[in-house]
Structure formats: structure tokens, C-alpha cells
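Engineer: Shown below is the structure under consideration.
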Amino acid sequence: MLTQEQITAANKANLETLAQLSRKAFDGIEKLMELNLQVAKTLMQENVEHLQDSSKAKDIKEYMSMQANFVQPMTEKAIAYSKHFYSIANDTQSGINEVSKADIQKLSTQMQKSMKDISSQTPNNSDAMVNLIKQAVANASTAFESSQKAVKQAIDMSTHQTQSATESALKASDKLFKNTVAK
């Protein structure tokens, strides 16, 4: 039977885990907000400077060249933003996974201890039930570890695809820039 102290301790542990998960999520959100604010400030400043410079163009060819020079680095900046965004998201996900994994391991250890306590206090005919519960806990731990591996593989694959897309976009942007300036 669970005592009031055990229930209170479990509730306290659950609240602490929730607080840790919330901190990790809000840290990630805060970093994304800082990134987005910095990008917005930079874009605004660069657009004002570009408009001022464009107004000084002497002819359409010079104006088009200025436009090409302005647009070309935008692709690289968008890709850099994307990489930074994925980095923040990956770090946040890793932090949340770390907290979850620690909590699952702690719960598994507590469950195994409880099973030992139950098996020492129960008659021999309930061994099958205790073994069944132990097996369920072991299966849950295995499923959690498998899901963690799948999440890591998905993140790795997404990162690889982002890098490939980045390289392709940079090549296409460079080719477009060279074609535009050459005309």
C-alpha cells in the first residue's frame, strides 16, 4: 500500500520534473525569440541602407547590379538562420529528452525497488504476478530507449538533409548571382 508520504514525494518529484521540462522549453523559446529579434533588426537596417544606396544609382544597369548584390547574400543569411533555428530546436529537444530520460530511469529504479519489496512481502503464489509486472517495467524501459534512438536518428537525418539543401541553395544562388551580374 502507498503511504501518504510516498504519494506526497511522488507528487513533488512530478512537479519538479514538470518544472525542469518547462524551463528547458522556455529556454528554447527565449533563444528563438532573441534570434528572431536580431534577424528583424538586421533586416530592417540592411533594407534602409539598401534603399538609400539604390536611390543613388545613376542608371538602370547600376540599379540592377545593386539589387543583385543586395539579394545574393539573402540566401546565405536565410540558410544561416535555418541552421541556427535547427540548432536551437535540437538543443531544446536534447534537453527535454535528457530530463525525460532521467525521470524514466528514476521511475524504473523505484518500480524495481517496489517490486522487490512486494515480492518479499507476498506469499509464493503471487510470484507470477510480480514477474509479470517486472517484465512490463523492463518492456517500458526498452520501448523508451528505442523511441529515444528513433528521435536521435530523425534529428540526425533532418540535419543531414538541411545541410544538403543548404549546399544546393548556395550553389543555385551563386549561379544566379553570377548570371545576373554578368548581364
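The values are calculated or read from the model by the stated rules, or taken from the named source; none is laboratory data. Note that the coordinates shown come from a computational prediction; the quantities given were computed from them, not determined experimentally. Every residue, glycine as well, gets a Cβ built from its backbone with ideal geometry; the counts of neighbours run over all protein chains shown.
Engineer: Can we say LEU32 is assigned to a helix (DSSP H, G or I), aliphatic (A, V, I, L, M) and surrounded by 12 or more Cβ atoms within 10 Å (Cβ to Cβ)?
Structural biologist: yes
Engineer: Right, VAL39: surrounded by 13 or more Cβ atoms within 10 Å (Cβ to Cβ) and assigned to a helix (DSSP H, G or I) or not?
Structural biologist: yes
Engineer: Then there's this: Scanning for something modelled with pLDDT under 90 and basic (Lys, Arg), does the stretch 56-76 turn up at least one residue?
Structural biologist: yes
Engineer: Based on what the data block shows, is SER54 touching a helix residue (DSSP H, G or I) at 6+ places or on another chain (Cβ under 6 Å), loosely packed, with under 14 Cβ neighbours inside 10 Å and not charged (D, E, K, R)?
Structural biologist: Judged against the criteria, SER54 is a match.
Engineer: From the set of residues in the stretch 107-132 that are surrounded by fewer than 15 Cβ atoms within 10 Å (Cβ to Cβ) and among the β-branched types (Val, Ile, Thr), which is modelled with the highest pLDDT?
Structural biologist: So the residue we want is THR109.
Engineer: Would you please list the contacts, defined by Cβ atoms under 8 Å and residues six or more apart or on different chains, that run from a residue in the stretch 1-21 that is over 18 Å from LYS113 (Cβ atoms) to a residue that is in a helix (DSSP H, G or I) and β-branched (Val, Ile, Thr)?
Structural biologist: Once the first residue is over 18 Å from LYS113 (Cβ atoms) and sits in the stretch 1-21, its partners that are in a helix (DSSP H, G or I) and β-branched (Val, Ile, Thr) give THR17/VAL99; GLN20/VAL99; LEU21/ILE96; LEU21/VAL99.
Engineer: Restricting attention to the stretch 1-51, report how many residues are over 30 Å from LYS83 (Cα atoms) and aromatic (Phe, Trp, Tyr).
Structural biologist: Total meeting the criteria: 0.
Engineer: Still on this model: So which of ILE96, ILE104, ILE79 is β-branched (Val, Ile, Thr), touching a Lys or Arg at 6+ places or on another chain (Cβ under 6 Å) and surrounded by 15 or more Cβ atoms within 10 Å (Cβ to Cβ)?
Structural biologist: Result: ILE96 is the single residue among ILE96, ILE104, ILE79 that is β-branched (Val, Ile, Thr), touching a Lys or Arg at 6+ places or on another chain (Cβ under 6 Å) and surrounded by 15 or more Cβ atoms within 10 Å (Cβ to Cβ).
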